[in-house]
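For reference, the structure is listed below as structure tokens.
The values are calculated or read from the model by the stated rules, or taken from the named source; none is laboratory data. If you're wondering where the values come from, they're calculated on a predicted model, not measured in any experiment. Reconstructed Cβ throughout: ideal geometry from the backbone, glycine too, with neighbour counts over all protein chains shown. Note: accessible area is taken over every heavy atom of the protein model, side chains too, but ligands, DNA and RNA are not part of it. Shrake-Rupley method; radii C 1.70, N 1.55, O 1.52, S 1.80 Å.
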Amino acid sequence: MTSINTEIQDYVERNIIPLYDQFDKAHQRDHVRMVISQSMSLAAQMDVDADMVYVIAAYHDIGLCEGRERHHTVSAQMLLTDDELRKWFTESQLQTMAEAVEDHRASSDHAPRSLYGRIVAEADRFIDPDTVVRRTVQYGMEHYPELDKEGHFERMVQHLREKYGRGGYLRLWFEHSPNAERLEVLRKMIDDEGALRRKFEEFYVCRGE
């Protein structure tokens, strides 16, 4: 991993990463650590500030504390108003970082405003078919407990098609990102309802249902 200021890393590990413990199963520590890892891998290939990339990735979902709908704007505001970060970053850097956090959402109506925004947006879209399906099932079971098994399957299929399917709203920001190849694999699974059903059964059973 690209070198990060140890003081920043210590602050984030103690005060920011633990915030993810309160979120749904699809957005806990394993998720933020994945986004950090992916972001730093992308950053290593580009002329960017590694400390900025690290903080953007760490803060990108903390606004979930106020719900999913506005989490991207809340996350950005929480970053911008965290006075501890002013020990290491200028106001201009903080503004760029907040914009990147706000722009990370897959359903955003505009492209990320900076390279930093594209990095975290791409990292947040780490596309492993099993992981995508598992997180979708987990999210549905946690947030829609009133649904029966078939209802969860239908919700999963609808979400996957709307976001990841051909013509879905998800966009990748780096042409040669490993995500491009993985997205095609996922789309082939989405096109095959039988394969989706088998994968759903695997993760639904794993939840003890």
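Of the listed requirements (1) part of a helix (DSSP H, G or I); (2) in contact (Cβ under 8 Å) with a residue 12 or more places away in the chain, Ser92 misses just one: (2). Taking the stretch 114-142 as the range and being in contact with a His (Cβ under 7 Å, 6 or more places away or on another chain) and not in a helix (DSSP H, G or I) as the test, no residue passes.
Taking the stretch 40-62 as the range and being part of a helix (DSSP H, G or I), within 15 Å of Asp103 (Cα to Cα) and modelled with pLDDT under 95 as the test, only Ile62 passes. Could you list, in sequence order, all residues of the stretch 53-98 that are of a type outside the set (S, T, N, Q), closer than 27 Å to Leu160 by Cα and surrounded by fewer than 18 Cβ atoms within 10 Å (Cβ to Cβ)? Passing the criteria: Cys65, Glu66, Gly67, Arg68, Glu69, Arg70.
Consider Glu84 carefully, then state whether it is assigned to a helix (DSSP H, G or I), acidic (Asp, Glu) and in contact (Cβ under 8 Å) with a residue 12 or more places away in the chain.
When the stated conditions are applied, Glu84 passes them.
The listed residues are Tyr116, Tyr139, and the only one of them that is at pLDDT below 95, open to solvent by 10 Å² or more (accessible area, probe 1.4 Å) and either of a type in the set (Phe, Trp, Tyr) or touching a helix residue (DSSP H, G or I) at 6+ places or on another chain (Cβ under 6 Å) (or both) turns out to be Tyr139. Within the stretch 12-39, the residues that satisfy the criterion of being at pLDDT 95 or above and either basic (Lys, Arg) or in contact with a strand residue (DSSP E or B) (Cβ under 6 Å, 6 or more places away or on another chain) (or both) are Arg14, Arg33.
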